[in-house]
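Here is the structure we will look at.
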Amino acid sequence: MSLLFKFLLISHVFSGMLGIILFSAVLFVLIKKLDSKRIKFLRLTSLWGLIGFLLSWITGGYYYVYYYGALVKPIIKAGPYPWAHSILMEVKEHVFLFLPFAALIMVLVVYLFGEDFENQPKIKNAGIWLATTIVFIGTAITLMGMAISGAVVK
Amino acid sequence: MELFFFINKGLHILTAISGVGAATLAEIFYLKAIRDGIVDESESKELKITYKVMRLSLIILIFTGLGMMLGWRWELKGPEYFYNPVLLAKFSAILILLLGVSLMHARKIPIWLGGAISLVSWYGAAGLGKLTEEFFELPFSNKISYLIIMLGYFVAIVITAFVLKFIHEKIQKV
């Protein structure tokens, strides 16, 4: 693997994880009673979380198209764990497309309705559920990525 | 790259130690704080710092853990490392730790139960982490499955929860 693809893979994994951690922070703060300081924190954190997911999206996409598809996929499909690609990677690459959009919605909700969260518990609860979904999907995708890495044999 | 993985592994071990230490101290400080029934300002400060160390340790631990796995991926360690029951149990312990902390944070579970999950998960993940790379060299490795490890983990949580609940009740009666 060339240095470029190593760098892309590191960036893909780390920026994706950063996104998950930041949205976990969003979730933890959303559960609490919100003041202006916390709303500011929510706005910044969700925005950086979205940037993390977008970076992970771009680096992962480039790595997939120019390295994984040509070199790694055939090894996995010919190995003892072909399901790692045919099931896990197929699920991962489709669900992964959805994640930055969910994150973008979260950012918009926090920026547009942040001040009203305490007065409108329905919006706040929807935000909590959205953040939970983002963290859950992100964690599931990470675990799938690990399982796919394990299926690459010599 | 070798230097990167060396530093990464060192950092992983150090943060595991600081996380285990912080989880232990958090429990000790909490029990000390509730002894008189009131958590005063200095006690609250102690607890906040300890939780911050624990959170930071967990974040660095996750990143360095991923760094180690990237190293395995490049060395094509394959299923022997990635599908290792010890590693899978370690992941499960960390996920349960995150779930437990979230539920405790949202006040959906009592503090003694959250404390038990946190303590057992930190100690369990640190111990399992030490075993991961050496697991297949152990003479009894073929007798240990993921389910057996997780059973031991849940039994440890139940025992620790009972002990912490007993201590909490005893302290609050005094």
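The values are calculated or read from the model by the stated rules, or taken from the named source; none is laboratory data. Since this is a predicted model, take the numbers as computed values, not measurements. Quick reminder, even Gly has a Cβ in these numbers, built from the backbone with ideal geometry, and neighbours come from all protein chains shown. Side chains are part of the model used for accessible areas, which takes the heavy atoms of the whole protein and leaves out ligands, DNA and RNA. Shrake-Rupley method; radii C 1.70, N 1.55, O 1.52, S 1.80 Å.
Its residue count N fixes a reference of 2.2 N^0.38 Å for segment B:117-174, and the Cα radius of gyration divided by that reference is 1.49.
For the protein assembly as shown, what % of the accessible area comes from carbon and sulfur atoms, probe 1.4 Å? The computed percentage sits at 72. Computing Rg and the Kirkwood Rh from the Cα coordinates of the protein assembly as shown gives a ratio, Rg/Rh, of 0.99. Eigenvalues of the alpha-carbon gyration tensor of segment A:9-154, scaled by 5 and square-rooted, set the equivalent ellipsoid semi-axes at 35, 13, 11 angstrom, largest first. For residue B:77, a cut-off of 20 angstrom between C-alpha atoms picks up these aspartates and glutamates, skipping any fewer than 8 places away in its own chain: B:2, B:133, B:134, B:137. Note on residue A:77 and residue B:155: their simple-model spin labels are 4.6 nm apart, each label 7 Å out from Cα toward Cβ. For the residues of A:78-89, the average number of beta carbons from a partner chain within 10 Å of their own beta carbon is 1. Each label point was placed 7 Å from the Cα along the Cα-to-Cβ direction; for residue A:154 and residue A:139 their separation is 3.5 nm.
A simple count of charges around residue A:35, restricted to other residues whose Cβ falls under 15 Å of its Cβ and scoring Lys, Arg +1 and Asp, Glu -1, yields +4. Remark: mean inter-chain Cβ contacts per residue of A:142-151 equal 5, using a 10 Å Cβ-Cβ cutoff to other protein chain atoms. Between B:154, B:91, B:138, the Cα set farthest toward the positive side of the dipole of the protein assembly as shown (charges on each charged residue's Cβ, about the Cα centre) is that of B:154. Applying D = kT/(6 pi eta Rh) to segment A:8-68, where Rh is the Kirkwood radius over alpha-carbon pairs, T corresponds to 4 °C and eta to 1.567 mPa s, the Stokes-Einstein value obtained is 106 µm²/s.
The contact between chain A and chain B removes approximately 2400 Å² from the accessible area (both sides summed; 1.4 Å probe; ligands, DNA and RNA excluded).
As a ratio to 2.2 N^0.38 Å, the alpha-carbon radius of gyration for segment B:60-174 is 1.24.
Solvent-accessible area per residue in segment B:24-105 equals 49 Å², computed with a 1.4 angstrom probe and all protein chains kept. Annotation: extensible slack from residue B:17 through residue B:169 equals 51.8 nm (criterion: 0.36 nm per residue apart, minus Cα-Cα distance).
Think of a 1.4 Å ball rolled over the protein heavy atoms: chain A then has 51 Å² of accessible area per residue.
Across chain B, Cα pairs under 8 Å and at least six residues apart give a relative contact order of 28 percent. Hand me the GluC sites (Glu not before Pro) from segment B:80-169 located in a DSSP loop with no more than 13 other Cβ atoms within 10 Å, in residue order please. Hits after loop and neighbour filter: B:134. Length available on full extension from residue B:106 to residue B:48: 0.36 nm per residue minus the Cα-Cα distance, which gives 19.2 nm.
Over all directions, the projected convex hull of the C-alpha atoms in segment B:1-125 averages 8.3 nm² in area. With all protein chains in place and ligands, DNA and RNA left out, the 1.4 Å accessible area ranks B:105, A:94, A:12 as A:94, B:105, A:12, largest first. Dipole size of the protein assembly as shown about its Cα centre, with +1 on Lys/Arg Cβ and -1 on Asp/Glu Cβ: approximately 340 debye, rounded to the nearest 20.
Working ranking of peptides B:40-48, B:123-131 by packing, defined as the average number of other Cβ atoms within 10 Å per residue, highest first, is B:123-131, B:40-48. Partner shielding of B:91-98 amounts to 1, given as the average count of beta-carbon atoms from other chains within 10 Å of each residue beta-carbon. Between the listed residues B:25, B:5, B:39, the Cα displaced farthest toward the positive end of the dipole of segment B:1-65, a dipole computed from Cβ unit charges relative to the Cα centre, is found at B:5.
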